[in-house]
Amino acid sequence: MSSNDEKSLHRLKTGGLARRLELSKVGLRYGSRALRQSLRERFGHDEEAALAQRRQNAAFFIDELGKLKGSVVKIGQVMATYADYLLPPEVAEALHSLEDNTPPMSWRAMRKVLEAELDAVRLSELEIDEAPLAAASLGQVHLAEQRNTGDTLCIKVQYPGVAQTIDADFQAVMALLKLSRLMDATRNIDDWFGDIRLLLHKEVDYEQERRDLDFAFEQLCNEPRYVVPRNYARYSTRRVLTMSYEASLPMAAPEVAGLSQGRRNELGKALLRLFLIELFQWRRMQTDPNFGNYRVRIDPDGERDKLVLLDFGAMRLLPVTFAERFCEMMVAAFHRDREAFRQCSIDLGFMKADFPEAVLDNFVDIGIDIAEPLRPAAEAPAEALDDGLYNWRRSNLPKRIAKRAVAASISTYFALPPKDFLYVMRKLMGVYALIAQLDARFDGEPVFREFLPG
């Protein structure tokens, strides 16, 4: 056995009973802490200390969930999308910090998956590196060489049995949240969390991800700023996805930070333009803005650096009516057309025409602010500008928006937004954060104008 195998997991507990037992243990540990906290709050008067303790308890709960691996981590990460609307602030804060830090599975375990999914002939055509290139909550990636061509491939292999844990984990986590009083059991949120369940099942369907990968490849193959891996269908199944290896660097790599301001600006424009292509043209969006899904291929000649796009498991078709209204909302925000923006929010169902004017105005204000980087830079606040260009990092816009959005969400008038709205907003704020990571400085108006209706 290799040293790598000694440090790796050999199996996940995939039985429903075993998973529920582990989650029950978490619930008992959390419950005892919560009970002590309740007694302190009942007989104490220090509100700051009570809030600090609630945050510690929430962090403990999320940390314990993270140790369970498998789909539990992914459930927590997807729930973070909704957390600001459904859960206490301290729990939402803890969920946003949940990291995908699953240790890799052993090569022995992954080899069994490959043998079950690919026959001996196809496996013999590949020289696979036993050490994983990357590991996540649902699967891991190995490099390989196709022997007859010398092509370098990436093989994404799903952990054995992980698809079978989703329903058991999901039911147990929901019960645990309600029993621990971290989530109000009376709210009508079954539709929301049912959507999370469907999304998780989609993420473990690598055949669907392969179709989405092919779609993105076909759409962007002639776009000079984007690289999408090529699918190797011969070595792909429902549990294995094989793609071309695309050399690239992380967004936060020193080599990327060391690019000239102009080159980083062009990469930032490419990120923004891709989001707008997905929304306005495809009506289909990769909804996970994880920094690891976007990498940079530096052009040694300095002519045209490229974005390498990875992981299409979270690709989502946007309902036609929703997509049309959301695009109208963005255009209205760009033009500062408050009445049109308000009407779209009412049409989408998370504002109502009979809400107080102050509530409606507050929501419209947030929407207008979201389009701040898309309007002419001269209209932006002075603190967001740098030599007349919009400074995406210094503007601190995602945090400003998040702060105002959370304040709006606790209003008794605020309705739960449509699921698709949250996914698209999460992606948009993620794109803004990616551009800030690049420390790009550019006026977003010319990029956005390409997508304005004629």
Of all residues in region 234-260, which are of a type in the set (S, T, N, Q) and surrounded by fewer than 15 Cβ atoms within 10 Å (Cβ to Cβ)?
260
Taking the conditions exactly as written (part of a loop (DSSP other than H, G, I, E, B) and assigned by TED's automatic domain parsing to the domain that holds residue 453), does residue 358 satisfy them or not?
no
For region 153-175, what are the residues that are under 20 Å from residue 209 (Cα atoms) and of a type in the set (Val, Ile, Thr)?
155, 157, 162, 165, 166
Tell me yes or no: at least one residue of region 417-426 is among the hydroxyl-bearing types (Ser, Thr, Tyr), at pLDDT below 95, assigned by TED's automatic domain parsing to the domain that holds residue 272 and surrounded by 20 or more Cβ atoms within 10 Å (Cβ to Cβ).
yes
If you check 274, 241, which single one turns out to be touching a Lys or Arg at 6+ places or on another chain (Cβ under 6 Å), at pLDDT 95 or above and among the aliphatic types (A, V, I, L, M)?
241
Residue 399 vs (1) at pLDDT 85 or above; (2) among the charged types (D, E, K, R); (3) exposed (fewer than 15 other Cβ atoms within 10 Å of the Cβ): all pass except (1)
Answer residue from region 291-335, given it is touching a Ser or Thr at 6+ places or on another chain (Cβ under 9 Å) and among the basic types (Lys, Arg) and is nearest to residue 435 (Cα to Cα) among those
295
Failed condition for residue 169, given (1) surrounded by fewer than 18 Cβ atoms within 10 Å (Cβ to Cβ); (2) in the same structural domain as residue 74 (by TED's automatic domain parsing)
(1)
Determine, yes or no, whether residue 277 is surrounded by 15 or more Cβ atoms within 10 Å (Cβ to Cβ), among the β-branched types (Val, Ile, Thr) and closer than 15 Å to residue 223 by Cβ.
yes
Among the strands (runs of 3 or more DSSP E) confined wholly to region 229-324, which include 3 or more residues that are touching a helix residue (DSSP H, G or I) at 6+ places or on another chain (Cβ under 6 Å) and in contact (Cβ under 8 Å) with a residue 60 or more places away in the chain?
240-244
When every residue in region 422-454 that is aromatic (Phe, Trp, Tyr) and touching a strand residue (DSSP E or B) at 6+ places or on another chain (Cβ under 8 Å) is compared, the one farthest from residue 273 (Cα to Cα) is 423
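The values are calculated or read from the model by the stated rules, or taken from the named source; none is laboratory data. Because the structure is a prediction, the values reported are computed rather than measured. Cβ sites come from the backbone with ideal geometry, for glycine too, and all protein chains shown count toward neighbours.
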